[in-house]
Every structure is written in structure tokens, then in C-alpha cells.
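Contents: one structure, followed by commentary.
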Number of protein chains: 2
Amino acid sequence: MKQGLLLIISGPSGAGKGTIYNEVLNRMPSVKKSVSVTTRAPRPHEKEGVHYYFKTLEEYQHMIAAGEFLETASVYSNYYGTPKKHVFDLIEKGDDVMFEIDIHGARQIKKRYPRAVSIFVMTPTFEILEQRLRGRGTETEDSIARRLGSARNELSQYELFDYIVFNEDLEKSVESVIDIIKAEKCKMKTNEQRVKALLGN
Amino acid sequence: MKQGLLLIISGPSGAGKGTIYNEVLNRMPSVKKSVSVTTRAPRPHEKEGVHYYFKTLEEYQHMIAAGEFLETASVYSNYYGTPKKHVFDLIEKGDDVMFEIDIHGARQIKKRYPRAVSIFVMTPTFEILEQRLRGRGTETEDSIARRLGSARNELSQYELFDYIVFNEDLEKSVESVIDIIKAEKCKMKTNEQRVKALLGN
């Protein structure tokens, strides 16, 4: 039985990782989205186990203590985390699981699961990133400066990532991520069990 | 300036590496064939610098002594080898260079250039390899047995290879090798200079 891949896609705000992530999920049915656990209240359209697993703060803290998360973070006093069991069950079944996640989450996952394949999405230059942030028309000068500072900080942690996609053209970037996923399936490490079986070991 | 890739494609006789190699070269003009040096006499259609660099035995032995080869081997009392300078000039220019080579050559290249990307082409099973060898209609029972023994020996050295392509369907196998090449171009290590330049380091 061939294990699936755990894929991480990360990168600065404005580089286009979310669009690429959704497009890759659309085109590769074998790649699944991971479902997070959260302590925030469900919104009207959100379904348990589809959009999130909803937990109370006490339940969540109990899960942290029990080491049940691949990564966990708090945003505006709510917790969000990725349950190990959910992800590892999918991988064991042979599904690939992909995460769109910030660099702190990427670091936690790489630490707990070093075989995770990490992809950093970046604009070709910081100038283009600035143009894109400005083009949103919703960011203040302060927030643009802050996001550019974060982008630089994230890129300086490039060694955390196995791959980098310079998102110049969306279509090409989506294809690059798909090429990466297909190539990872040909990795010798991914196929070691099959090779050993062929050799009778 | 982005360095090109050094790609190695290897695998047992009968697995289809030669066909895949030629098809990938046809489809990816950015991928170049390496030109070998040989001591064997040129055949009528063979051109210096296109098919081979032709050298005398003395010249060849001098090149060995001077450490000018990425790999060298003798076949039926002739020498064949890959000149480092030729290959590194292409890589420095940003071209990718691909080799179809036996496992001894693959090992020499990996040793002298650890960044080489090595791909092993194998049939899905040894039974299929045997069928394909038998299907040639030109192999004796002895040579089939010898080739199967070699195939097993080569596969047992699987750790030398970064990737494995199980050649069940030629078209899919060619696409897999192309995916691998494209993914390798997104490797963080391949893009480290560009990232450092962006960060101003």
C-alpha cells in the first residue's frame, strides 16, 4: 500500500498561494483538503467535519495536552489546529493531503512530520508583491509596509521549504505545483516499500 | 544566472530507458544530450563533437590522469567517457544535460557531482522484464538469465537514485520524467541564488 503525500503550500500574503491551492484541489481529485479543528463558533453555512471540527476551548486544550495536533495557532482569541489523526488516516489510505498554511504552521508540521513536502509561493520580486497588495485597494500604507516586512521575514526562512514557485503567471504556477506533486510520487523514498517488495525483502 | 540540471537516467536492459530518454530529448529542447569521448574509431556517419569526441588511447589516458572525466568505462577494449568540461559548460550556461547511462556510470557521476538528479527506470515487475526480453526474440536463455540477474543487482542499489519510474505505459513514463525535470527546476536548492539575490544577500 502506497502512502499519500502531506503537502504544504505557504508564502506571503498577496503572492497568490490561496488561488493556486484552490485550483490544484480542483484539478487533482486525489488531493484532499485537510479539515481543521477550531474553537470559534460555527457560521450559518458551516458544517461539522466539512468546514471545521468545532470544539469547546476545554476540548481543544485537552487535545493540545494530548499531543493531538500537527500544528496549532490562535488567531483573535480563537484556536485553529490540524488534527494528526484526521491527516494520518487520509495519508495511510493513500490520499494526498494539502495545507495552505502560514510559515509558523509550516514549521510545526515539518518538525512533526519531516516527510512533508513544503512549497513556498512568492512573487518574482518584492516590487510586484507591493503592486499586488496596493492593487487590492483595501490595504492601508501601514498594512502594506507590515505585509512587505513579513514577506521578507518569511522568504528569509526559505530553507524550511523544499520547493519555490515564483508566481508570475497563475496557470504556470498551478502547473508547477501539479508537476511537483507528480514528481514526489516518483521519489525513490515514496516507493521504497514497493521496491523492497519487488526484491523480496 | 540559473544553473542547469544534470540528469541521469538508468535502469536494466529491457526496461525502456533508451526509448524514454530519446522521447524526453525530443519534447524538451532545453534538455541536451551529453557528447562522450571515445577511443573507438569513428564510423562513417559519425561527426567529431556531435556523436563523439574521438581521441587516441594516449590522449584518453592522459585525460583520465588529469581527472577530466565525470565517468569513464571500457567496453570491448574501447574507452568511453564523459568529459567534465563539456557538461559543466552546458550547465553553467543554464542548459540541462541528460545522460542515459549504466549503473556504474551513474554511481561515478553521483560521486563526482552529488547534485545530479538520478532516475531509475524499471518494469512494474521482474516477470514483465523477462517477457520484454523474451519478446525481443534475439536473446538466448543464457543472456535472459544474465540480464535478469543484473536487473536484480541494479535494483538492489536503488538508494543511488532520487526517483523511480515504473515503466508500465511509455507515454505516462515520458510524462513522469518531464514532471520530474520541471519539479527539479522548482527545487529550493536550484533557486537558492535567486532567493538570496531577492533578499539582498
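Readers should treat all values here as calculations from the given coordinates under stated rules, not as data from a laboratory. What you see is a predicted model, and the numbers here were worked out from it, not measured in a lab. Using ideal geometry, Cβ is built from the backbone for each residue, glycine included, and neighbour counts are taken over all protein chains shown.
Structural remarks
- Residue in the range A:181-189 that is closer than 23 Å to B:Leu198 by Cβ and surrounded by 13 or more Cβ atoms within 10 Å (Cβ to Cβ) present: no
- Any hit, the range B:142-161, residues being out of contact with any strand residue (DSSP E or B) (no Cβ under 7 Å at 6 or more places or on another chain), of a type outside the set (D, E, K, R), loosely packed, with under 14 Cβ neighbours inside 10 Å and under 16 Å from B:Arg27 (Cβ atoms): no
- Inside the range B:147-201, residues that are within 30 Å of A:Arg152 (Cβ to Cβ), within 19 Å of the chain's Cα centre (by Cα) and either at the interface with chain A (Cβ under 7 Å from one of its Cβ atoms) or not in a helix (DSSP H, G or I) (or both) make up a count of 2.
- Helices (runs of 4 or more DSSP H) fully within the range B:55-123 that include at least 1 residues being β-branched (Val, Ile, Thr) and closer than 30 Å to B:Glu171 by Cβ: B:84-92, B:103-112.
- Residues satisfying the stated conditions in the range B:41-92, i.e. under 20 Å from B:Ala116 (Cβ atoms) and touching a residue at least 40 places away in the same chain (Cβ under 8 Å): B:Leu70, B:Glu71, B:Tyr80, B:Gly81, B:Thr82, B:Pro83, B:His86, B:Val87, B:Leu90, B:Ile91, B:Glu92
- Positions within the range A:162-177 being over 11 Å from B:Cys186 (Cβ atoms) and crowded, with 19+ Cβ neighbours inside 10 Å, in sequence order: A:Asn167, A:Val174
- Residue match in the range A:121-134 (condition: among the hydrophobic types (A, V, I, L, M, F, W, C) and surrounded by fewer than 18 Cβ atoms within 10 Å (Cβ to Cβ)): yes
- Output for the range A:102-118, where each listed residue is touching a residue at least 40 places away in the same chain (Cβ under 8 Å) and touching an Asp or Glu at 6+ places or on another chain (Cβ under 7 Å): A:Ile103, A:Gly105, A:Ile109, A:Val117, A:Ser118
- Residues (out of contact with any strand residue (DSSP E or B) (no Cβ under 7 Å at 6 or more places or on another chain), exposed (fewer than 15 other Cβ atoms within 10 Å of the Cβ) and assigned to a loop (DSSP other than H, G, I, E, B)) located in the range A:11-50: A:Pro29, A:Ala41, A:Arg43, A:Pro44, A:His45, A:Lys47, A:Gly49, A:Val50
- Test: residue in the range A:106-120 that is under 17 Å from A:Gly18 (Cβ atoms), crowded, with 17+ Cβ neighbours inside 10 Å, of a type in the set (Gly, Ala, Ser) and within 14 Å of chain B (Cβ to nearest Cβ): yes
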